[in-house]
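Here is the structure we will look at.
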Amino acid sequence: MAATQLKPCLVLLLTFSLLAFASAISRNRIKSLNQIKEVNRKGPYIGLITVFATEEDAFFASGSFKPDPKFPFIDLSGRRFRFGVVRGRKVVYVRCGQGMTNAVAATQQMVDLFDIKGIIHFGIAGNTNNSMSIGDVTIPNQIAHTGLWEWLNTNGTLDSADVAQLEIGDYNVPKGNGTNLLGHIGYVEEEYYSVAGEPNVAESLLWANISLQWLQLASNLEGMELEQCVNSSLCLTEKPKLVVGLRASTSNIFLDNAAYRDFLFQKFGVSSADMESAGVAMTSLSNGYPVIVIRGLSDLAGNQEGDNVVSKFGGLAAVNSVKAVLGFIRNLPPITR
């Protein structure tokens, strides 16, 4: 067959393949929408969001999650949304994945598609406060996205509206020796859109305030028993504690640097650092849903000698965050439509 005759055949074959692919996608989408309608008839739910496998493993290992027998899960956009009951409350659970983009995408999808009454975000975080310890659980009252920067040259002028600034040259060793070409960084507030605000008009926001009613409910958890040992041969030197009402920081950075850890604490007064909480909190609040964040402290965010200890104590911190979540869910009032 001549090349000129092959071309129409290839085009036709490609067209049929694309149509078949589009048809399969359409069928899967219709199936998913029908399943979503079915599970929403069983709602409302409390949304539960973790980040990665260590946190998810701790949650399922608790044995508290009882999957729905008919619709145990729905797969959407590569994520698995699981439906079931925890401590007598109907829940939908998802692992969002690391970073702000994943956190926002999963949270928005959850509130858009499911009959949700509020969101509990939990997992592990780095400790930026010397009065806190590994294994402690923090339930912050405010969370800031500290990853919005203006990064200027050494002769650049920072915007007067910046909420903080980091002079990188201040960290030269010896101090003041030469010029640091990395310049300086200005911290910018979030552009926050909300159902409570005027449409298409953003509010400048640094601190996302966690839902007051849920914080008050969480305060009853202070003093609860938390795990101190990873195993019989690896234990923390102090008994872990749960603290409500501190501040938290989020950015797309795994923090393992003592100098920057101290900068965040001094400038923003934050006690923990993670990569997702502000995304979950701001997305929930902007859509009008109550939210709470519960994080177990897994490491010292760089304030240790040698390597980061998250690999040693991440699992323990995750278990303690799960214990706090289960206690919080148990104390929730009955959920009605």
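The values are calculated or read from the model by the stated rules, or taken from the named source; none is laboratory data. All of these numbers come straight from a predicted model, not from anything done at the bench. Please note: Cβ atoms are built from the backbone with ideal geometry, for glycine as well, and neighbour counts cover all protein chains shown. In case anyone asks, the SASA skips ligands and DNA or RNA and just uses the protein heavy atoms, side chains included. Shrake-Rupley method; radii C 1.70, N 1.55, O 1.52, S 1.80 Å.
Quick notes on this structure:
- Candidate aspartates and glutamates for bridging to K90, where Cα separation is under 16 Å - those fewer than 8 sequence places away on the same chain excluded: E38, D68, D115
- When the chain is treated as a Gaussian network with alpha carbon springs shorter than 10 Å, the biggest mean-square fluctuation among L48, L166, L264 belongs to L166.
- Label-to-label distance, nm, for residues given as A53 and I335 (7 Å Cα→Cβ offset): 2.8
- Dimensionless Rg over Rh [the chain; C-alpha; Kirkwood]: 1.06
- Per residue value of the accessible surface for the stretch 169-315 (all protein chains in place, 1.4 Å probe), Å²: 51
- Sorting 299-310, 146-157 by average packing, meaning the other beta carbons within 10 Å per residue, from highest down gives 299-310, 146-157.
- Convex hull volume per residue for the stretch 160-199, taking Cα atoms only, in Å³: 93
- Take the Cα radius of gyration of the stretch 213-337 and divide it by 2.2 N^0.38 Å, N being the number of residues; the result is 1.15.
- Highest-fluctuation residue, S251, S277, S160 considered, GNM on the chain with Cα pairs under 10 Å: S160
- For the residues A317, A125, A161, a GNM of the chain with alpha-carbon springs under 10 Å puts the largest fluctuation on A161.
- Over the stretch 21-166: Kirkwood hydrodynamic radius from C-alpha pairwise inverse distances, Å: 18.1
- Reach of K241 by Cα under 22 Å, taken over lysines that are not fewer than 8 positions away in the same chain: K312, K323
- N220-N252 pseudo-label distance in nm [points 7 Å out on the Cα-to-Cβ vector]: 4.0
- Largest to smallest accessible area among F313, F265 [probe 1.4 Å]: F265, F313
- Label sites at S32 and D162, each approximated as a point 7 angstrom past Cα along Cα to Cβ, lie 4.1 nm apart.
- Tensor-based shape of the stretch 121-256 (alpha-carbon gyration tensor, a/c under 1.5 rounded, otherwise prolate or oblate): oblate
- If you model the stretch 216-258 as an ellipsoid using its alpha carbon gyration tensor, with each semi-axis the square root of five times an eigenvalue, the axes come out at 23, 21, 8 Å, biggest first.
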